[in-house]
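Notes follow the structure.
The values are calculated or read from the model by the stated rules, or taken from the named source; none is laboratory data. Note that the coordinates shown come from a computational prediction; the quantities given were computed from them, not determined experimentally. Cβ: placed from backbone, ideal geometry, glycine included. Neighbour counts: every protein chain shown.
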Ligand code: COI
């Protein structure tokens, strides 16, 4: 039976003027709405106490298992305001299904899809004033962050018998700042891998992101924005960026992305692009891509463009690849980002209700 949510506390943390100031220039991940959703789970009662309360800190026992063994998962989604004022989200069933897969991998309980979807409706309904008006073409949205963690105070290593699910929301502009299409520079991380065979790479769990940070720091030290991770066994094949998937567009019309080997996150934007690419006359391929192929194809002038994608970053062109001892500057090769820009606007037009949603991807919240 579906959970009943109770609004236990109403809050008004920001004045209208303060909220408008944030919405005019939200950045990414810095500001949070007035409320949060919370649902508790324990091994005896299952899911219970579904509530909507004021946004605020959790009271967490220092022995809470998540703080020690990182039993945690999350999702990233967005709520978009359409021109008529209605608020929509993109393919939430795909996020609900991935959240359930992540839960299984991390030995957490599965939250039923209807409760996951209702939790999104609850936060967006109470905090709807925080969904930016994107009518001026600003492409701002309300980023939704559902997450679940082991809240049981217990230091033995076993799946927690007490778990907390929550949703917070954060008004969002471009992940990398600017207009969102500024090309990023990538660093090939060879010292660090993000995930290994049989590990948690396909789950959206905090540990994967933590393990990507040392590679990212290495990238930043080489004046790059993000690191590209290779497979951990052979250090040969391209996997992902840690928080984004990668696509390679060849001049002959192929659009290639690393196949899902169990160590890569199955991005909702990634799978949507694989579908949209066909409408644009491109031939999508999912396969293993040796890092050498990137370098060779760049040298032979076969690559038209490369881009990264994800819910937060949408579609972001890759301007340069650097590694220990070399680099490829795609700007110098004359990449124009025409396909990345086209795919980005096709996706955004569907999400903001400016184009017909022929695949039934949008859900009204
Ligand atoms: C997202 O794209 O929603 C993510 O969860 C990745 C993170 C870089 C924000």
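Assorted remarks:
- Test for residue 121: is it more than 21 Å from residue 28 (Cβ to Cβ), without any contact (Cβ under 8 Å) to a residue 40 or more places away in the chain and surrounded by fewer than 23 Cβ atoms within 10 Å (Cβ to Cβ): no
- Any hit, region 259-266, residues being away from the ligand (no atom under 14 Å from the Cβ) and surrounded by 23 or more Cβ atoms within 10 Å (Cβ to Cβ): yes
- Only residues that are surrounded by fewer than 23 Cβ atoms within 10 Å (Cβ to Cβ) and either within 16 Å of the ligand (Cβ to nearest atom) or farther than 26 Å from residue 207 by Cα (or both) were counted in region 144-154, giving 2.
- Hits in region 81-95 (condition: surrounded by fewer than 22 Cβ atoms within 10 Å (Cβ to Cβ) and closer than 25 Å to residue 51 by Cβ): 87, 93
- Residues of region 297-322 satisfying the condition of being buried (at least 17 other Cβ atoms within 10 Å of the Cβ) and more than 16 Å from the ligand (Cβ to nearest atom): 297, 298, 303, 304, 305, 306, 317, 319, 320, 321, 322
- Among residues that are outside any strand (DSSP E or B) and surrounded by 16 or more Cβ atoms within 10 Å (Cβ to Cβ), residue 22 is included.
- Yes/no for residue 27 being within 16 Å of the ligand (Cβ to nearest atom), at pLDDT 95 or above and in the same structural domain as residue 149 (by the TED database): no
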